[in-house]
Each structure stands twice: as C-alpha cells, then as structure tokens.
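Take a look at the structure set out below.
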Amino acid sequence: MNIEEYLTRHPVFTTNEWKGYLASKGSEKQSTRKNLLAYHKDKGRILQIRRELYATVPAGSSAESFQVDPFLVSAKLKPDAVLAFHTALEFHGRAYSTFKRLTYTSSKESAPLRYQSHEYVRVSEQPAFKKMVTGIKTVLRSHIDIRVTTLERTLVDVLHRPDLGGSWEEIWRSLGSVEYFDTNQVIKYTKVLKNATTAAKVGFFLDQHKDALLLDTSWIAPLLRLSPRQPHYMDRLNRKDCKLVKNWNLMVPSKILNRTWEEPA
C-alpha cells in the first residue's frame, strides 16, 4: 500500500509501526522516516499525540478541529494496553455517564497523558491477574485491534476498585444496564482476586439484580463460600448510614441498598 492508504488504515499509529511500514517499502533510513512524518504533519495530514504516537487526520477534515477517537489512543499508549474499569464500560456501551478520563492497564510505567479534551491514566494490572491473561477480548475498531476487559471481568474489577468505576450510583446504573453476565466467568475472576470483601460485593450486586438477569441459584454458593466470616464495609471510606446485609456479611450504605438515585414509582 502507498502512504495515503497506510494513513487511511492507521488512524492512530506508533513510530515503530511507521518504521515497519517504511522498511517494507525499502526505506530504512531514520532521516527519511522523520522527514516524512514532519512533511505530513506540516500538511495537516497527521497529528502528534505525544512522542512516538501519531493520529491520522481524515481527508477533508481540519487538523485544528479533528478529534481523535480516545479509545484508539488508549489502545496505542502501550503495546500491552487493555481498556479497563469505567473505560471498559464505556467501550461496551454500558456506562451511564461518559468520562473525560480514560483508564487502561499495562505492565509498563507511563505518565498520565492529557490530549485534546481527555486524560489517559495507566493503572497497574491486578497482581492476581499478572500471570494469567484472562477476561480480555480483542475488538477491531477502525482497523485497530483494541484489547478490553470483558463485561464479566469489568463487573468484578469495578466492584474491587470502585474508585476507578465512578460513584456508586454510576457503577450500579452502568452494571445494571447489562442484560446478561456469564456467572461462571464472574465467579472465576472473583476467585482469582482472593478478596472476601470483593466476593461479597459481587454476590450482593447479583442478588440485587437476580430477577433482571434471570439468574438461577447456582451462582450463590461459590460466592457465599468466598465471602467474609465477619461483617466488612462495602465502602471503607463511607461507614456512615450503613446496614448489614447478613447473607454477605456486608455493611452496605443505605443509598446503595435503597438505590436512592432512582425515580420514585
């Protein structure tokens, strides 16, 4: 393919990918690579997102006003980047609200990036998941492979790290919009974390939504076995106005228990 075709099929690309493309065309000189990038940047055909990362401006669009797809940027920030937590909910079309902050996991250190109207924040992978690639799917978007946590993994992740899922209202409304979860997969990811409080939160969420999700009783016992033997707070930073949910030994804030954000019938 020629350069125009390459740019069309690579809405976001790294300098290593650019280098590989030019090498395939017989151009391996570093000066040639840099000069071509500078040329297309001056022409308004590409934008530099940060060092070694570029975006293509579609033909007919203005470089000054074009907004780069933030999901594509997240996917290219690190070779092993995985969209996760609230960003995964957004990617799956299940987030109640749209955030300007995008979160991805990676084993590589990376400083937060602010570009256009978004902030990109890297989070270290959960230690329990580091040795096993699980709960991740690859989705093709605008010719780019995006790695993102599955809905089942995302459910467990945001209940384990609610600070990365938004407010409790945001988490409950977002997860509550999902019509189906593979509970076997949910239990699998919960077991990997080996966290009793998280197991209780997952069990409590499924319990609250069992009718909407058309769940039978097979999921309950494994999560009950993983739950704490003594009461644990669902939100350690919010211990006021909580009630004990005995089945899960979970001290739940009343606003979650009663879903106070919902419109009265």
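Structure data summary
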| quantity | calculated |
| --- | --- |
| Residue in the range 15-36 that is closer than 24 Å to L164 by Cα, aliphatic (A, V, I, L, M) and surrounded by 13 or more Cβ atoms within 10 Å (Cβ to Cβ) present | no |
| Residues that are part of a loop (DSSP other than H, G, I, E, B) and of a type in the set (D, E, K, R), drawn from the range 90-128 | R94, K100, K108, E109, E125 |
| Single residue of Y96, Y104, Y120 found to be surrounded by 18 or more Cβ atoms within 10 Å (Cβ to Cβ) and in contact (Cβ under 8 Å) with a residue 60 or more places away in the chain | Y96 |
| Criterion violated by Q230 - all others in (1) within 21 Å of the chain's Cα centre (by Cα); (2) surrounded by fewer than 19 Cβ atoms within 10 Å (Cβ to Cβ) satisfied | (1) |
| Residue ID - surrounded by the most Cβ atoms within 10 Å (Cβ to Cβ), chosen from residues in the range 146-197 that are of a type in the set (K, R) and closer than 18 Å to P253 by Cα | R173 |
| Selection status of T198, out of contact with any His (no Cβ under 9 Å at 6 or more places or on another chain) and either of a type in the set (A, V, I, L, M) or outside the structural domain of R9 (by TED's automatic domain parsing) (or both) | no |
| Given (1) outside the structural domain of V139 (by TED's automatic domain parsing); (2) under 21 Å from R9 (Cβ atoms); (3) not small (G, A, S), number of the condition K76 does not satisfy | (1) |
| Residue that is surrounded by the most Cβ atoms within 10 Å (Cβ to Cβ), among those in the range 50-89 that are in a helix (DSSP H, G or I), out of contact with any Gly (no Cβ under 8 Å at 6 or more places or on another chain) and not small (G, A, S) | T87 |
| Single residue of V148, V178 found to be assigned to a loop (DSSP other than H, G, I, E, B), touching a residue at least 60 places away in the same chain (Cβ under 8 Å) and closer than 18 Å to L89 by Cα | V178 |
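The values are calculated or read from the model by the stated rules, or taken from the named source; none is laboratory data. Please read all numbers here as calculations on a predicted model, not as lab measurements. Here the Cβ is made from the backbone with ideal geometry for all residues, glycine too, and neighbour counts use every protein chain on show.
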